[in-house]
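Encoded as structure tokens, the structure appears first; notes follow it.
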Amino acid sequence: MIEVDLPTEGRNPRTLDVDTLPTLEVLRRINAEDATVPAVVAAVLPELAVLVDLAVESLRNGGRVHYFGAGTSGRLAVLDAAELPPTFGMWNRVVAHHAGGPGAFTQAVSEVEDDVDLGASDAAAVEPGDVAIGVAASGRTPYVIGALRAAAAAGAHTALISCNPNAPYGDEVAVHIPLATGPEVISGSTRMKAGTATKLVLNSFSTTLMIRLGRTYSNLMVSVNALNSKLRARLVRILTEATGMDSRSCAAALAEAGGNTRVALVSLLGEVPADRATVLLEESDGGVREALQRLRSA
């Protein structure tokens, strides 16, 4: 039975005749619905900023960020967490827990979504001061609720990303990100607008988090290490853009830094040896700008 109180489960009046339309018109209807998503995300940016700041504080204090989700929502969370290590050099600090485990990534396992105890069990790794984020289009997925309640009991900060602004559980968490995406082109197919909005929120959350933690310099990826020749060439280009220096000098600095881009960058901009740059970064929690500021203030 359709739960009519869930916005994503309602029938979309703009697509009632979608199965009678020619291909191009179907695509136009879908595109028109997709075009509403950015404004929906823009409306929750103040709440998202609060969540980012909570996560920044947690990670700076040695904590971790945990995502909990099922189905499409969970897969999007897994994708977001998986891309942070290669992009920002952030390993094992933002982790995703998906209902049903790896087997549910490529094959739907519907019954695990309703397992409150499974959610609580998966939250056993959450520690005081961590941030636990539930991702659920309905805002009421039992697995997610079980995980967040267990995380709260463990002393973690909790948040919910949902496409149900009236989700009752939104009042239990510290931060609710309520995405008002409304009914889908196909009723209940939350892999569509709800999934798109969720992906945009996760992109914005994790990218802003990494920026705030100093994992970028300007708009450059400087937390990627040179693990192969292709990456070394890319990182030399990044260093030349960041410093304005020639590629030979940047390549030499990268080699002296053992392939660590941030060490090379601080070494070049601060005109200090790699070992001194390493210490400055350690004192600055890895932030390039803060390391350079420390150097200037010394």
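Throughout, read-outs are computed from the coordinates displayed, never taken from laboratory work. Just so it is clear, the structure is predicted and the values come from calculations on it, not from any experiment. Cβ: placed from backbone, ideal geometry, glycine included. Neighbour counts: every protein chain shown.
Each Lys and Arg Cβ is given +1 and each Asp and Glu Cβ -1; about its Cα centre, the stretch 7-212 then shows a dipole of about 480 debye. For the stretch 244-252, putting each phi into the Karplus relation 6.51 cos²θ - 1.76 cosθ + 1.60 with θ = phi - 60° gives couplings of x, 8, 6, 5, 5, 5, 5, 5, 5 Hz, in residue order, rounded to whole numbers and with x for Gly and Pro. Amide H contacts of His97 (H built 1.01 Å from N, in plane; Pro and chain starts excluded): Tyr67, Phe68, Gly69 sit under 5 Å, all sequence-distant by 5 or more or on other chains. Using θ = phi - 60° in the Karplus curve 6.51 cos²θ - 1.76 cosθ + 1.60, the 3J(HN,Hα) couplings for the stretch 135-142 round to 10, 8, 4, 6, x, 9, 4, x Hz; x is entered for Gly and Pro. The relative contact order of the chain comes to 18 percent, based on Cα pairs under 8 Å that sit 6 or more residues apart. Computing FRET efficiency as 1/(1 + (r/R0)^6) for Asp246 and Ser297, where r is the C-beta to C-beta distance and R0 is 30 Å, gives about 0.55. Each Cα pair under 8 Å and six or more residues apart adds its separation to the average, and for the stretch 152-298 the resulting relative contact order is 15 percent.
Distance from the alpha carbon centroid of the stretch 120-145 to that of the stretch 177-222 works out to 18 angstrom. Here the 3J(HN,Hα) profile of the stretch 55-60, calculated from phi with Karplus coefficients 6.51, -1.76 and 1.60 at θ = phi - 60°, is 5, 4, 4, 5, 5, 5 Hz, Gly and Pro shown as x. Potential lengthening of the chain between Ala82 and Glu271 amounts to 64.6 nm, from the contour at 0.36 nm per residue minus the alpha-carbon distance. With the charge dipole of the chain set up from +1 on Lys and Arg Cβ and -1 on Asp and Glu Cβ about the Cα centre, the Cα lying farthest toward the positive end among the listed residues Ala96, Pro85, Ala152 is that of Pro85. Taking amide hydrogens as placed 1.01 Å from N in the peptide plane, the amide H of Val185 sits under 5 Å from those of Lys193, each at least 5 positions away in sequence or on another chain. From the alpha carbon centroid of the stretch 53-87 to that of the stretch 241-258 is 32 Å. Cα convex hull, the stretch 29-110: 133 Å³ per residue, rounded to a whole number. If the segment from Glu47 to Leu24 were pulled out straight at 0.36 nm per residue, it would be longer than the present Cα-Cα gap by 4.6 nm. Using only Cα coordinates, the Kirkwood hydrodynamic radius of the chain works out to 20.9 Å. Expressed as a fraction of 2.2 N^0.38 Å, the C-alpha radius of gyration for the stretch 218-297 is 0.97.
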